[in-house]
Amino acid sequence: MNPFTGRSLMPAEWAPHRATWIAWPHNTSDWPGKLQSIRWWYAEFVRHLATVEQVAIVFRSEPERRQAFSSLSKAGVSRDRLEAHIFPTNRSWLRDTGGTFVLHSADDTTEPALAMIDWHFNGWSKYADWS
């Protein structure tokens, strides 16, 4: 999808949606000395969120997913409310590093369809390890 052709609308954060997307925390430089505590906090966050909606979680690898699902299970998270997606990422801030879901249509007469814009994240132009 080319966001410069047609029309794109970014729904409000409170608009109905299928799931909330997060990435499992993994980058130790983002959480110096606190990664285990942060993972516990994420498990608690997911536990609460999963009581009201699906949670889509991005993991870097299958071993990372297994470790996280073990932690989530210990936190009492219902697995039927989780979706696992494995693809490369080096930050857990999907709001910054992930794509933005939009409703896109080719023109004023076409029904909008769900699409995603890739902003080509550059580490806020300050981190050497952003890629």
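Throughout, read-outs are computed from the coordinates displayed, never taken from laboratory work. Source: prediction; values computed, not measured. Reconstructed Cβ throughout: ideal geometry from the backbone, glycine too, with neighbour counts over all protein chains shown.
Remark: pairs (first residue in region 20-32, without any contact (Cβ under 8 Å) to a residue 60 or more places away in the chain; second residue in a loop (DSSP other than H, G, I, E, B); Cβ separation under 8 Å; 6+ apart in sequence or on different chains) = 20/53; 31/25.
Among the conditions (1) free of Cβ contacts under 8 Å to residues at least 12 places away in the same chain; (2) closer than 17 Å to residue 96 by Cα, the only one that residue 70 does not satisfy is (2). In region 85-103, the residues that are in contact (Cβ under 8 Å) with a residue 24 or more places away in the chain and over 19 Å from residue 35 (Cα atoms) reach residues that are of a type in the set (Gly, Ala, Ser) and part of a loop (DSSP other than H, G, I, E, B) with C-beta atoms within less than 8 angstrom, at least six apart or across chains, in these pairs: 86/61.
Pairing residues of region 52-64 that are within 10 Å of residue 20 (Cα to Cα) with residues that are assigned to a strand (DSSP E or B) and among the small types (Gly, Ala, Ser), at Cβ distances under 8 Å and at least 6 apart in sequence or on separate chains, gives 53/19; 54/19; 55/19; 56/19; 57/23; 57/84.
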